[in-house]
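The values are calculated or read from the model by the stated rules, or taken from the named source; none is laboratory data. Bear in mind that the values here come from a model prediction, so they are computed numbers and not experimental data. Neighbour counts are summed over all protein chains in view; Cβ atoms, including those assigned to glycine, are modelled from backbone coordinates with ideal geometry.
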Amino acid sequence: MKILAVGDIIGNAGIKELKNKLYQLRQKEEIDFVIVNGENSAEGMGITEKNFNDIISENVDVVTMGNHTWGKKEIFKFIDHPKLIRPANYPKGVVGKGYGIYECKGKKIAVINLIGRVYINILSDNPFLIAKNIIKKIKDKVDMIIVDFHAEATGEKVTMGYYLDGMVTAIFGTHTHVQTADERILPKGTAYISDIGMTGPKNSALGMDISVVIKRFETALPEKYKMAVGECMLNGVIFDVDEKTNKVKEITRVNM
């Protein structure tokens, strides 16, 4: 079984790139299950109902979120959709769900969304303990567990990888929009990569117009961000899972 995780969708340009490339990628790599991070799909901050519907119309199985989950207030209208999950370590009582269980090719796949705490100004609970508690609750009910760890600090991500090694099938990082080259299988069998990158304008500062970002750094003034335009790219990762052992045989970066 092959599971594809697609890096942060940046605005309508990123959604268009997903629509242009996903079918081709599915066919070429024989992808069975697709996870997409959609927290930047509303022009860089949050997700609208239209954004969400555009993404899942491409036969996407799960849309994960992050620190911009609540960037567009209309998310409260569709937060309970079964294909949408938000970080599980938001405080108790927050609407939405932090993980979902899905079926594919006779297998039950759990997808957990977590948010980091280092350098991210979000009032969240401990992602390590929350992850451990969720896994304890669901491990006997599913065949595979995939984690999207939406975090800034590489050290926090790497530590989470080793913390969950042997407990989950795979863990991939999102949020920095820069694809890392550290994909590997950890000692106890969990596939890991620090960040899978982004899907959106290639010649940009993390999806934003370069001239605007330069001006902010030059002047220290709060210049309003705007989306970059031009050629786009699709970043992600493919986990090739052995259907007998439910462990990842190979992890491959995607950069289209």
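Points worth noting:
- Any chance Arg117 is out of contact with any helix residue (DSSP H, G or I) (no Cβ under 6 Å at 6 or more places or on another chain), farther than 22 Å from Ile56 by Cβ and touching a residue at least 60 places away in the same chain (Cβ under 8 Å): no
One line per residue, one yes/no per condition, for (1) touching a residue at least 12 places away in the same chain (Cβ under 8 Å); (2) in contact with a helix residue (DSSP H, G or I) (Cβ under 9 Å, 6 or more places away or on another chain); (3) of a type outside the set (Phe, Trp, Tyr); (4) part of a strand (DSSP E or B):
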{"position": "Tyr192", "(1), (2), (3), (4)": "yes, yes, no, yes"}
{"position": "Ser211", "(1), (2), (3), (4)": "no, no, yes, no"}
{"position": "Ile214", "(1), (2), (3), (4)": "no, no, yes, no"}
{"position": "Phe217", "(1), (2), (3), (4)": "no, no, no, no"}
{"position": "Leu221", "(1), (2), (3), (4)": "no, yes, yes, no"}
{"position": "Lys224", "(1), (2), (3), (4)": "yes, yes, yes, no"}
{"position": "Asn235", "(1), (2), (3), (4)": "yes, no, yes, yes"}
{"position": "Arg253", "(1), (2), (3), (4)": "yes, no, yes, yes"}
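- Single unsatisfied condition, Gly14 versus (1) outside any loop (DSSP other than H, G, I, E, B); (2) under 14 Å from the mean Cα position of the chain (by Cα); (3) within 28 Å of Glu243 (Cα to Cα): (3)
- Residue among Gly207, Gly173, Gly189, Gly200 that is closer than 30 Å to Ile130 by Cβ, touching a Cys at 6+ places or on another chain (Cβ under 9 Å) and not charged (D, E, K, R): Gly200
- Of all residues in region 51-88 being basic (Lys, Arg) and not in a helix (DSSP H, G or I), the one that is surrounded by the fewest Cβ atoms within 10 Å (Cβ to Cβ): Lys73
- Hits in region 173-207 - residues which are modelled with pLDDT under 95 and of a type in the set (A, V, I, L, M): Ala205, Leu206
- For region 1-60, the tally of residues that are of a type in the set (Gly, Ala, Ser), farther than 14 Å from Thr199 by Cα and in contact with a Gly (Cβ under 7 Å, 6 or more places away or on another chain) stands at 1.
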